Amino acid sequence: MRRSTVLLADDHTIMTDGLKRLLEPDFEVAGAVENGRELVEAAKRIQPDVVVLDISMPELNGIEAAVQIRKEVPTTRLVFLTMHADATYVKAAFRAGASGYVLKRCASAELVDSIHEVLRGRRYVTPEVAEDANLGKLQDHNATGALTAREREVLQLVAAGKSAKEIGAALTISPRTVAFHKSNMMQKLQIHTTAELTKFALLHGIAGEL
């Protein structure tokens, strides 16, 4: 019988090495990557059954990577393994298409169990964060849905304090195009300042390490 394939994403090699040893008895570990952009490309190429990913990753955070993976490889299930216990992050992960959410400080066996659960078509959330996250309200209006994938990338970089020139260099677009995307976001979200944009990004789990 074919074993389910798992792709790992974490910017700490020691973490992915440990995850490989933990998961290999139950699953086929198809690869490991260190940043969000590599993750999206690897997921498109490998099309794994499950991706285990962190929220805080360089270049493209886990939330944004999840949005793109769900669009490009809709059959892949996503399990977040992260230190973030705040309900804002949990909700953002599930809005992005997650099937599971596990805290890094939990027992290692919980991650294995969570992957088995999502492969059965169920949702798994670490019990200590499930109640606070109030996931039953995920169907509520999600303002981030009005933004394009590129706008969300720009927003993540804005929230990280990057200038238009720095954002343009990171995304290979001109500063003028960055300003265009920023203006569009402000209009869609009815936001008038960069500070408000940054606050919006933080509240919706878009801000993260770059």
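The values are calculated or read from the model by the stated rules, or taken from the named source; none is laboratory data. Values in this document were obtained by computation on a predicted structure and should not be read as measured data. Neighbour counts run over all protein chains shown; Cβ positions are idealised from the backbone, glycine included.
Against the test of being in a loop (DSSP other than H, G, I, E, B) and modelled with pLDDT of 95 or more, the options P48, P58 yield a single qualifying residue, P48.
The residues of the stretch 60-83 that are buried (at least 19 other Cβ atoms within 10 Å of the Cβ) and within 17 Å of E153 (Cβ to Cβ), listed by number, are L60, N61, G62, I63, E64, A65, A66, V67, Q68, I69. Mind listing whichever residues of the stretch 6-32 are in a strand (DSSP E or B) and under 21 Å from R105 (Cα atoms)? Within the stretch 6-32, V6, L7, L8, A9, A32 meet the criteria. Within the stretch 23-61, being of a type outside the set (S, T, N, Q) and in contact (Cβ under 8 Å) with a residue 60 or more places away in the chain holds for L23, D26, F27, D49, V50, V52, I55, M57, P58, E59, L60.
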